[in-house]
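As C-alpha coordinates, the structure follows; a few thoughts come after it.
The values are calculated or read from the model by the stated rules, or taken from the named source; none is laboratory data. As the structure is a computational prediction, the values presented were derived from the model and not from experiment. Reconstructed Cβ throughout: ideal geometry from the backbone, glycine too, with neighbour counts over all protein chains shown. Surface accessibility is based on the protein's heavy atoms, side chains included, excluding ligands, DNA and RNA. Shrake-Rupley method; radii C 1.70, N 1.55, O 1.52, S 1.80 Å.
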Amino acid sequence: MPLYENRDGVFECHHSPDLIFPPHLHADLELVFVESGEIFLQEGGTTCRLQPGDGAVVFPGRIHSFETIGESRLLLALCPMKMTGDFHRTLLRCAPVSPVIRSENLHPDVEYAMRAMEEISSQSGSLAAAKAFVQLVLARTIPCLQLSEISDVPPADLTARVIGWISQNYAGPVSLDILETELGVSKYRISRVFGEKLCTSLSEYVNRLRIDHAQAMLRGTEQDVLSICMACGYENPRTFNREFKRICGCTPREYRQVKQPELEEKEDVF
(Lines give C-alpha, C1' and ligand atoms only; values in the text may rest on other atoms or scores of the structure.)
Protein backbone atom coordinates (compact mmCIF):
# COMPACT_ATOMS: atom_id res chain seq x y z
CA MET A 1 0.00 0.00 0.00
CA PRO A 2 1.37 3.43 -0.86
CA LEU A 3 2.19 5.58 2.15
CA TYR A 4 0.68 8.88 1.13
CA GLU A 5 -2.57 8.84 -0.76
CA ASN A 6 -6.29 9.06 -0.13
CA ARG A 7 -6.32 5.98 2.08
CA ASP A 8 -10.01 6.11 3.15
CA GLY A 9 -9.30 5.66 6.85
CA VAL A 10 -6.94 2.68 6.55
CA PHE A 11 -4.58 1.98 9.47
CA GLU A 12 -1.04 0.92 8.60
CA CYS A 13 2.18 0.40 10.55
CA HIS A 14 5.34 -0.91 8.91
CA HIS A 15 9.13 -0.83 8.83
CA SER A 16 10.41 1.86 6.46
CA PRO A 17 14.06 1.58 5.40
CA ASP A 18 16.09 4.54 4.11
CA LEU A 19 13.04 6.80 3.89
CA ILE A 20 13.26 9.81 1.60
CA PHE A 21 9.97 11.57 0.95
CA PRO A 22 9.30 15.11 -0.32
CA PRO A 23 7.02 17.63 1.43
CA HIS A 24 3.49 16.24 1.80
CA LEU A 25 0.52 16.26 4.13
CA HIS A 26 -2.47 14.06 4.88
CA ALA A 27 -5.45 13.84 7.20
CA ASP A 28 -3.97 11.01 9.29
CA LEU A 29 -1.90 11.05 12.44
CA GLU A 30 1.65 9.85 11.73
CA LEU A 31 3.78 8.18 14.40
CA VAL A 32 7.51 7.55 13.97
CA PHE A 33 10.05 5.53 15.96
CA VAL A 34 13.69 5.38 14.81
CA GLU A 35 15.24 1.92 15.03
CA SER A 36 18.60 2.63 13.41
CA GLY A 37 20.50 5.27 11.45
CA GLU A 38 19.67 8.96 11.21
CA ILE A 39 16.87 10.73 9.41
CA PHE A 40 15.97 14.39 8.97
CA LEU A 41 12.34 15.34 9.55
CA GLN A 42 11.25 18.74 8.32
CA GLU A 43 7.96 19.95 9.76
CA GLY A 44 6.50 23.38 10.46
CA GLY A 45 9.45 25.17 8.91
CA THR A 46 12.05 23.50 11.13
CA THR A 47 14.36 20.55 10.47
CA CYS A 48 15.09 17.99 13.20
CA ARG A 49 17.63 15.17 13.14
CA LEU A 50 16.21 11.94 14.52
CA GLN A 51 18.54 9.28 15.90
CA PRO A 52 17.98 5.73 17.19
CA GLY A 53 15.43 5.65 20.01
CA ASP A 54 13.87 9.00 19.07
CA GLY A 55 10.19 9.33 18.26
CA ALA A 56 8.00 11.86 16.46
CA VAL A 57 4.31 12.69 16.33
CA VAL A 58 3.25 14.40 13.10
CA PHE A 59 -0.14 16.02 13.58
CA PRO A 60 -2.72 15.79 10.73
CA GLY A 61 -2.60 18.47 8.09
CA ARG A 62 1.04 19.41 8.78
CA ILE A 63 3.42 19.68 5.84
CA HIS A 64 6.44 17.46 6.47
CA SER A 65 9.20 15.60 4.68
CA PHE A 66 11.81 12.92 5.40
CA GLU A 67 15.39 12.57 4.23
CA THR A 68 17.79 9.79 5.15
CA ILE A 69 21.53 10.37 4.90
CA GLY A 70 23.11 6.95 4.46
CA GLU A 71 20.85 4.23 5.88
CA SER A 72 18.00 4.29 8.36
CA ARG A 73 15.17 2.09 9.57
CA LEU A 74 11.94 3.43 11.03
CA LEU A 75 8.72 2.11 12.41
CA LEU A 76 6.09 4.33 10.85
CA ALA A 77 2.36 4.26 11.60
CA LEU A 78 -0.39 6.07 9.70
CA CYS A 79 -3.46 6.26 11.91
CA PRO A 80 -6.93 7.53 10.95
CA MET A 81 -8.19 10.18 13.34
CA LYS A 82 -11.06 7.92 14.42
CA MET A 83 -8.44 5.85 16.28
CA THR A 84 -7.23 8.73 18.47
CA GLY A 85 -10.05 8.77 21.05
CA ASP A 86 -9.84 11.57 23.61
CA PHE A 87 -6.81 13.05 21.82
CA HIS A 88 -8.85 13.88 18.71
CA ARG A 89 -9.53 17.52 19.60
CA THR A 90 -5.94 18.21 20.67
CA LEU A 91 -4.59 16.83 17.41
CA LEU A 92 -6.92 18.99 15.33
CA ARG A 93 -6.74 22.22 17.35
CA CYS A 94 -3.07 22.32 18.36
CA ALA A 95 0.35 22.10 16.76
CA PRO A 96 3.68 21.11 18.36
CA VAL A 97 6.60 23.52 18.41
CA SER A 98 8.64 20.42 17.51
CA PRO A 99 7.17 16.98 16.76
CA VAL A 100 10.24 15.13 18.08
CA ILE A 101 10.69 13.41 21.45
CA ARG A 102 14.28 12.47 22.22
CA SER A 103 15.13 8.94 23.31
CA GLU A 104 15.93 9.96 26.89
CA ASN A 105 12.42 11.44 27.23
CA LEU A 106 10.53 8.77 25.31
CA HIS A 107 8.64 6.31 27.50
CA PRO A 108 9.43 2.60 26.79
CA ASP A 109 5.71 2.05 26.16
CA VAL A 110 6.09 3.89 22.84
CA GLU A 111 8.51 1.40 21.29
CA TYR A 112 6.48 -1.50 22.71
CA ALA A 113 3.23 -0.11 21.27
CA MET A 114 4.77 0.65 17.87
CA ARG A 115 6.09 -2.90 17.54
CA ALA A 116 2.70 -4.26 18.57
CA MET A 117 1.00 -2.09 15.94
CA GLU A 118 3.41 -3.32 13.26
CA GLU A 119 2.56 -6.91 14.15
CA ILE A 120 -1.16 -6.17 14.02
CA SER A 121 -0.81 -4.40 10.67
CA SER A 122 1.33 -7.12 9.06
CA GLN A 123 -0.96 -9.92 10.23
CA SER A 124 -4.30 -8.12 9.67
CA GLY A 125 -4.97 -8.36 13.40
CA SER A 126 -7.44 -6.63 15.70
CA LEU A 127 -8.07 -2.98 14.85
CA ALA A 128 -9.53 -2.52 18.33
CA ALA A 129 -6.17 -3.54 19.77
CA ALA A 130 -4.35 -1.24 17.33
CA LYS A 131 -6.57 1.64 18.42
CA ALA A 132 -5.63 1.00 22.05
CA PHE A 133 -1.92 1.06 21.16
CA VAL A 134 -2.30 4.30 19.17
CA GLN A 135 -3.86 5.94 22.21
CA LEU A 136 -1.14 4.52 24.47
CA VAL A 137 1.51 6.15 22.26
CA LEU A 138 -0.37 9.46 22.38
CA ALA A 139 -0.74 9.24 26.16
CA ARG A 140 3.04 8.83 26.47
CA THR A 141 4.04 11.45 23.87
CA ILE A 142 1.54 14.35 23.95
CA PRO A 143 2.64 15.43 27.47
CA CYS A 144 6.23 15.62 26.17
CA LEU A 145 5.35 18.05 23.37
CA GLN A 146 5.13 21.81 23.65
CA LEU A 147 1.82 22.63 21.98
CA SER A 148 0.35 25.87 20.74
CA GLU A 149 -3.38 26.17 20.13
CA ILE A 150 -4.52 27.05 16.64
CA SER A 151 -8.20 27.65 17.38
CA ASP A 152 -8.50 30.18 14.58
CA VAL A 153 -7.25 28.00 11.78
CA PRO A 154 -6.52 30.09 8.69
CA PRO A 155 -7.45 28.80 5.23
CA ALA A 156 -4.85 26.42 3.87
CA ASP A 157 -2.20 28.32 1.93
CA LEU A 158 -1.53 27.52 -1.70
CA THR A 159 1.48 25.33 -0.96
CA ALA A 160 -0.57 23.13 1.34
CA ARG A 161 -3.41 22.94 -1.18
CA VAL A 162 -1.07 21.94 -4.01
CA ILE A 163 0.74 19.34 -1.90
CA GLY A 164 -2.52 17.97 -0.54
CA TRP A 165 -4.07 17.52 -3.97
CA ILE A 166 -0.99 15.87 -5.45
CA SER A 167 -0.58 13.59 -2.40
CA GLN A 168 -4.01 12.14 -3.12
CA ASN A 169 -3.82 12.10 -6.94
CA TYR A 170 -0.21 11.50 -7.99
CA ALA A 171 -1.00 8.04 -9.40
CA GLY A 172 -3.22 9.70 -12.04
CA PRO A 173 -2.63 12.47 -14.58
CA VAL A 174 -0.99 15.55 -13.04
CA SER A 175 -0.13 18.78 -14.87
CA LEU A 176 -0.16 22.52 -14.25
CA ASP A 177 -3.33 22.76 -16.37
CA ILE A 178 -5.06 20.09 -14.26
CA LEU A 179 -3.97 21.78 -11.01
CA GLU A 180 -5.20 25.13 -12.32
CA THR A 181 -8.63 23.62 -12.98
CA GLU A 182 -8.83 21.61 -9.74
CA LEU A 183 -7.60 24.37 -7.42
CA GLY A 184 -8.98 27.40 -9.26
CA VAL A 185 -5.57 29.08 -9.16
CA SER A 186 -3.41 30.32 -12.01
CA LYS A 187 -0.88 27.74 -13.18
CA TYR A 188 1.78 30.46 -13.02
CA ARG A 189 1.17 30.85 -9.29
CA ILE A 190 1.28 27.09 -8.88
CA SER A 191 4.55 26.92 -10.82
CA ARG A 192 6.02 29.49 -8.41
CA VAL A 193 5.13 27.21 -5.47
CA PHE A 194 7.45 24.58 -6.89
CA GLY A 195 10.23 26.96 -7.83
CA GLU A 196 10.20 29.14 -4.69
CA LYS A 197 8.78 26.95 -1.90
CA LEU A 198 9.63 23.37 -2.87
CA CYS A 199 12.76 24.11 -4.95
CA THR A 200 11.85 21.56 -7.60
CA SER A 201 9.65 21.17 -10.67
CA LEU A 202 6.16 19.68 -10.78
CA SER A 203 7.32 16.73 -12.88
CA GLU A 204 10.24 15.95 -10.55
CA TYR A 205 8.01 16.21 -7.48
CA VAL A 206 5.42 13.82 -8.94
CA ASN A 207 8.11 11.40 -10.11
CA ARG A 208 9.57 11.27 -6.59
CA LEU A 209 6.17 10.40 -5.13
CA ARG A 210 5.53 7.75 -7.76
CA ILE A 211 8.97 6.15 -7.40
CA ASP A 212 8.62 6.05 -3.61
CA HIS A 213 5.29 4.31 -4.11
CA ALA A 214 6.98 1.86 -6.47
CA GLN A 215 9.80 1.17 -4.00
CA ALA A 216 7.27 0.33 -1.28
CA MET A 217 5.42 -2.05 -3.61
CA LEU A 218 8.62 -3.70 -4.80
CA ARG A 219 9.70 -4.30 -1.21
CA GLY A 220 6.37 -5.31 0.23
CA THR A 221 4.37 -7.07 -2.49
CA GLU A 222 4.82 -9.79 -5.07
CA GLN A 223 3.11 -7.83 -7.84
CA ASP A 224 4.90 -7.91 -11.18
CA VAL A 225 6.82 -4.84 -12.31
CA LEU A 226 4.33 -3.95 -15.04
CA SER A 227 1.43 -3.90 -12.55
CA ILE A 228 3.47 -1.72 -10.20
CA CYS A 229 4.33 0.59 -13.08
CA MET A 230 0.63 1.12 -13.83
CA ALA A 231 -0.34 1.46 -10.16
CA CYS A 232 2.20 4.25 -9.74
CA GLY A 233 0.81 6.33 -12.59
CA TYR A 234 3.15 5.41 -15.44
CA GLU A 235 1.50 4.42 -18.69
CA ASN A 236 4.79 3.56 -20.40
CA PRO A 237 7.07 0.91 -18.80
CA ARG A 238 10.08 2.49 -20.52
CA THR A 239 9.41 5.78 -18.79
CA PHE A 240 8.95 4.00 -15.47
CA ASN A 241 12.23 2.11 -15.82
CA ARG A 242 14.09 5.23 -16.91
CA GLU A 243 12.82 7.37 -14.03
CA PHE A 244 13.31 4.59 -11.48
CA LYS A 245 16.94 4.08 -12.55
CA ARG A 246 17.58 7.84 -12.60
CA ILE A 247 16.32 8.28 -9.04
CA CYS A 248 17.37 4.96 -7.47
CA GLY A 249 20.45 4.08 -9.51
CA CYS A 250 19.11 0.67 -10.53
CA THR A 251 16.20 -0.91 -12.35
CA PRO A 252 13.00 -1.93 -10.50
CA ARG A 253 13.90 -5.63 -10.80
CA GLU A 254 17.41 -5.02 -9.45
CA TYR A 255 15.94 -3.01 -6.58
CA ARG A 256 13.59 -5.84 -5.63
CA GLN A 257 16.37 -8.44 -5.81
CA VAL A 258 18.46 -6.42 -3.33
CA LYS A 259 15.84 -4.99 -0.98
CA GLN A 260 13.58 -7.96 -0.32
CA PRO A 261 16.44 -10.17 0.99
CA GLU A 262 17.73 -7.21 3.06
CA LEU A 263 14.34 -6.79 4.71
CA GLU A 264 14.10 -10.51 5.47
CA GLU A 265 17.53 -10.42 7.13
CA LYS A 266 16.63 -7.34 9.19
CA GLU A 267 13.35 -8.93 10.27
CA ASP A 268 15.40 -11.83 11.67
CA VAL A 269 17.51 -9.36 13.67
CA PHE A 270 14.54 -7.48 15.10
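Relative to the current alpha-carbon distance between SER122 and LEU158, full extension at 0.36 nm per residue lengthens the span by 9.3 nm. In this Cβ point-charge picture (+1 for Lys and Arg, -1 for Asp and Glu), the chain has a dipole of about 640 debye about its Cα centre. Computed over protein heavy atoms with a 1.4 Å probe, the carbon and sulfur contribution to the accessible area of the chain reaches 49%. Between the listed residues LEU147, ALA160, VAL206, the Cα displaced farthest toward the positive end of the dipole of the range 147-211, a dipole computed from Cβ unit charges relative to the Cα centre, is found at VAL206.
With contributions of -39500 (n - 2.57) from each DSSP H run of at least four residues, the per-residue ellipticity at 222 nm computed over the chain stands at -13500 deg cm²/dmol.
Computed over protein heavy atoms with a 1.4 Å probe, the accessible surface of the chain works out to 49 Å² per residue.
A Förster radius of 41 Å, combined with the Cβ-Cβ distance separating ARG89 from GLU67, puts the computed FRET efficiency at roughly 0.80. Hey, of (i) 63, 39, 31; (ii) 48, 47, 32; (iii) 55, 48, 31, which did the structure itself give for Cα extents along the principal axes in Å when calculated? Looking at Cα extents along the principal axes in Å for this model, the match is (ii). Short-range pairs are left out: with C-alpha atoms under 8 Å and at least six residues apart, the relative contact order of the chain is 18 percent. What separates the Cα centres of the range 193-253 and the range 30-85 is a distance of 22 Å. With each label point set 7 Å from Cα along the Cα-Cβ vector, what nm distance links PHE21 and ILE142? For PHE21 paired with ILE142, the spin-label model returns 2.3 nm. Descending by average beta-carbon neighbour count within 10 Å, the peptides 196-209, 71-84 line up as 71-84, 196-209, the highest first. Highest GNM mean-square fluctuation among ALA139, ALA129, ALA27, for the chain modelled with Cα contacts below 10 Å: ALA129.
Assuming a viscosity of 0.890 mPa s and a temperature of 25 °C, what translational diffusion coefficient in µm² per second does Stokes-Einstein assign to the range 94-229, Rh being the Kirkwood radius over Cα pairs? In µm²/s, the coefficient rounds to 132.
Remark: spin-label model distance THR251-SER227 equals 2.0 nm, labels positioned 7 Å along the Cα→Cβ axis. Here LYS131 is the anchor, and the lysines within straight C-alpha reach of less than 27 Å, apart from those fewer than 8 places off in the same chain, are LYS82, LYS266.
Between SER103 and ILE150, 0.36 nm times their residue separation minus their Cα-Cα distance comes to what? Before the final figure, lay out the partial values.
Numbers: separation 47, 0.36 × 47 = 16.92 nm, distance 2.75 nm.
Roughly 14.2 nm would be gained on extension.
With 0.36 nm allotted per residue and the present C-alpha distance subtracted, the GLN168-THR47 stretch has 41.1 nm of extension available.
Mind giving me the FRET efficiency for GLU235 and VAL258? R0 is 30 Å, r the Cβ-Cβ distance, nearest 0.05 is fine.
0.65
Under the simplified labelling scheme, the ASP177-THR200 pair shows an inter-label distance of 2.4 nm, with each label point 7 Å from Cα along Cα→Cβ.
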